[in-house]
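FYI, it's all coordinate maths here, none of it is from the lab. What you see is a predicted model, and the numbers here were worked out from it, not measured in a lab. With ideal geometry, Cβ positions are generated from the backbone for all residues, glycine too; neighbour counts draw on all protein chains shown.
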Amino acid sequence: MSATGRLLLWVLSVSVAAYALIVCLSLPIGAVAHPDIRPALQARPAVVLAHVLAAALVLAVGPLQFQARLRRTAPAVHRWLGRAYCAGVLVGGSAGLYMAFHAYGGVIARAGFVSLALAWLYTGLRAFLSIRAGNVPAHRSWMIRNFALTFAAVTLRVYVPAALALGIDLAAAYPVIAWLCWVPNLLVARRFSAAQVSRVSAPAPG
């Protein structure tokens, strides 16, 4: 990824994490959500709070874990941040899975968010098991995919306002966005993870 791409990834991730924390900790649950989505959030405040806090942690920590300098100069920090990241995925994904069964938008939207939560938990588990087994290339590959799914928190907050700005009814847009916010992310991540594995496993020149 280019320096511009890394900077954009960092800015978007940290901005959404900070926004989510400020809103969640200073306003009632669902206060800034669309009126149609708000009732599902207000009915489960504890689960929403767990999901938001854990996901914000993962969003903020994730970009740091892809910094080669940090891994090289402070491996212990990388490992502890990785443990915090995995714990955040476990809590955030579990809470998100519960919320997905009650999401606004009907069966299609719920299926999209359930699939996202399951994929988030699964890729996080594979990343954790890979590094425990000492398989660094596989760990990096799974972490790239996992953070791409984490980044759905950002793309979701891009697509919903964009749809409303274009005059598309939320009831029509939300079932599509429930899939659009993460499936393209994962497809792009597969390309990056394959390139990462190829680069790491390639023999040294000469």
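Tabulate in residue order the Karplus-calculated ³J(HN,Hα) for region 115-126, using 6.51 cos²θ - 1.76 cosθ + 1.60 with θ = phi - 60°, rounded to whole Hz; enter x for Gly and Pro.
Coupling constants for region 115-126: 4, 4, 4, 5, 5, 4, 5, 5, 5, x, 5, 5 Hz.
Expressed in nm to one decimal, what extension gain is obtained for the pair residue 15 and residue 108 from 0.36 nm per residue of sequence separation less their Cα-Cα distance?
In short, 30.6 nm is gained.
Contour minus end-to-end for residue 172 and residue 187, with contour as 0.36 nm per residue of separation and end-to-end as the Cα-Cα distance?
3.0 nm
Picking from 40, 102, 152, whose Cα lies most toward the positive end of the charge dipole for the chain (charges on Cβ: Lys, Arg +1; Asp, Glu -1)?
152
First measure r as the distance between the Cβ atoms of residue 157 and residue 67, then evaluate 1/(1 + (r/R0)^6) with R0 = 25 Å and state the FRET efficiency to the nearest 0.05.
Once rounded, the FRET efficiency stands at 0.55.
If region 1-88 were replaced by its equivalent ellipsoid, with semi-axes equal to the square roots of 5 times the Cα gyration tensor eigenvalues, what would those be, largest first, whole Å?
Semi-axes (√(5λ), whole Å): 30, 15, 8.
For the chain, what's the radius of gyration and Dmax over Cα atoms, in angstrom?
17.5, 63
Average the reciprocal distances over every distinct pair of alpha-carbons in region 43-88, invert the result, and give the Kirkwood radius in Å.
Working: mean 1/r = 0.0879 Å⁻¹.
That comes to 11.4 Å for region 43-88.
Return the FRET efficiency for the residue pair residue 8, residue 98: r is the Cβ-Cβ distance, R0 is 25 Å, and the value is rounded to the nearest 0.05.
Computed FRET efficiency for residue 8 and residue 98 comes out at 0.20.
Once the piece of chain linking residue 179 and residue 133 is laid out straight, how much longer is it, given 0.36 nm per residue of separation minus the C-alpha distance between them?
Separation in residues times 0.36 nm, less the Cα-Cα distance, equals 13.3 nm.
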